[in-house]
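Okay, structure first, notes after.
The values are calculated or read from the model by the stated rules, or taken from the named source; none is laboratory data. As the structure is a prediction and not an experimental result, all values here were calculated from the model. Ideal geometry is used to build each Cβ from the backbone, glycine not excepted, and the neighbour counts take in all protein chains shown.
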């Protein structure tokens, strides 16, 4: 379990900097052994669109007020805002909501007396606006906690920390191991929309104009595979989940980003509306019990997380500027 108190300090915008144009159109992804991008998009049609339509209708109605947990118990369902990113939250091949964050949410909300879940799929950059507009009740997408985001929403304590990694061509011909080596190599690269890793790369001297944006790691993988870019980067769990043996690409060794001599610790949790502290606090109580009993590790291991990825950092620490 990570017990470091060193915080990641985002360098640019509150959502990790504005997305840039992708470096050419993404190719049709091939992801042997895992959900394809077609699966993620069809899952959005099967589950997310119904949720978005219903949620948008709710957003036009004044909130009922009162205790948010009592309201959710009365409704019998909690709406989870997700952005299709393996392994954090996504729609599997059979059309089911899955991932590290939904697994934790199911356990905790089940303990709180809510057994039904409605996934609302949206782009990552729309998660906080959607939450604030009451399109869903909680963001369950492994969202990193930062002071800028804490100005807009409140967070549970983090349930994981993650290092970064690159998807590169097999053999890593440019020798890319971290953001400094990415800058030195002059490689073309890309990351996901609204991901903080773009800030880290720029903070290490990478030309912002050389960094494209792809919608997800499967599109990024195929951009590397077909030579459109030299490297695609993000959190190590995200990169590792996309790559399969024989795909013509590989994942570099995970590393802790360093900017201006300071380690950037990325820790993620669940986001709630600022006026729903009681719901967040009840969630935190159950989350701490999961950590203390070892149940949290049991829940996240199937998605590639280990004890090394757990943390006792708090949202208060990560929200402090």
* Asked: Do you know which of the residues in the stretch 88-108 that are without any contact (Cβ under 8 Å) to a residue 60 or more places away in the chain and within 18 Å of residue 272 (Cβ to Cβ) is surrounded by the fewest Cβ atoms within 10 Å (Cβ to Cβ)?
  -> 106
* Please work out if residue 175 is farther than 29 Å from residue 294 by Cα, without any contact (Cβ under 8 Å) to a residue 12 or more places away in the chain, in a loop (DSSP other than H, G, I, E, B) and in contact with a helix residue (DSSP H, G or I) (Cβ under 7 Å, 6 or more places away or on another chain). => yes
* Enumerate the strands (runs of 3 or more DSSP E) found wholly within the stretch 219-318, keeping only those where 2 or more residues are modelled with pLDDT of 95 or more and under 18 Å from residue 142 (Cα atoms). => 231-235, 266-272
* Is it true that residue 149 is at pLDDT 95 or above, part of a helix (DSSP H, G or I) and either within 16 Å of the chain's Cα centre (by Cα) or in the same structural domain as residue 67 (by TED's automatic domain parsing) (or both)? -> yes
* Structure fact -> Restricting attention to the stretch 124-146, the residues that are in a strand (DSSP E or B) and under 16 Å from residue 193 (Cα atoms) number exactly 4
* In the stretch 105-123, what count of residues is obtained for those that are part of a helix (DSSP H, G or I) and either in contact with a strand residue (DSSP E or B) (Cβ under 7 Å, 6 or more places away or on another chain) or not assigned by TED's automatic domain parsing to the domain that holds residue 90 (or both)? -> 3
* Asked: In the list 180, 201, 190, which residue meets the criterion of being in contact (Cβ under 8 Å) with a residue 12 or more places away in the chain, surrounded by fewer than 22 Cβ atoms within 10 Å (Cβ to Cβ), outside the structural domain of residue 97 (by TED's automatic domain parsing) and not in a loop (DSSP other than H, G, I, E, B)?
  -> 180
* Structure fact -> Given the conditions (1) surrounded by fewer than 22 Cβ atoms within 10 Å (Cβ to Cβ); (2) over 19 Å from residue 239 (Cα atoms); (3) touching a strand residue (DSSP E or B) at 6+ places or on another chain (Cβ under 7 Å), every one holds for residue 170 apart from (2)
* **Neighbours by Cβ (under 6 Å, 6+ apart or cross-chain): first from the stretch 298-321, in the same structural domain as residue 142 (by TED's automatic domain parsing); second exposed (fewer than 12 other Cβ atoms within 10 Å of the Cβ)** => 312/3
* Asked: Within the stretch 246-281, how many residues are touching a helix residue (DSSP H, G or I) at 6+ places or on another chain (Cβ under 7 Å), within 23 Å of residue 100 (Cα to Cα) and surrounded by fewer than 18 Cβ atoms within 10 Å (Cβ to Cβ)?
  -> 1
* **Number of the exception - residue 95 against (1) modelled with pLDDT of 95 or more; (2) more than 14 Å from the chain's Cα centre (by Cα)** => (1)
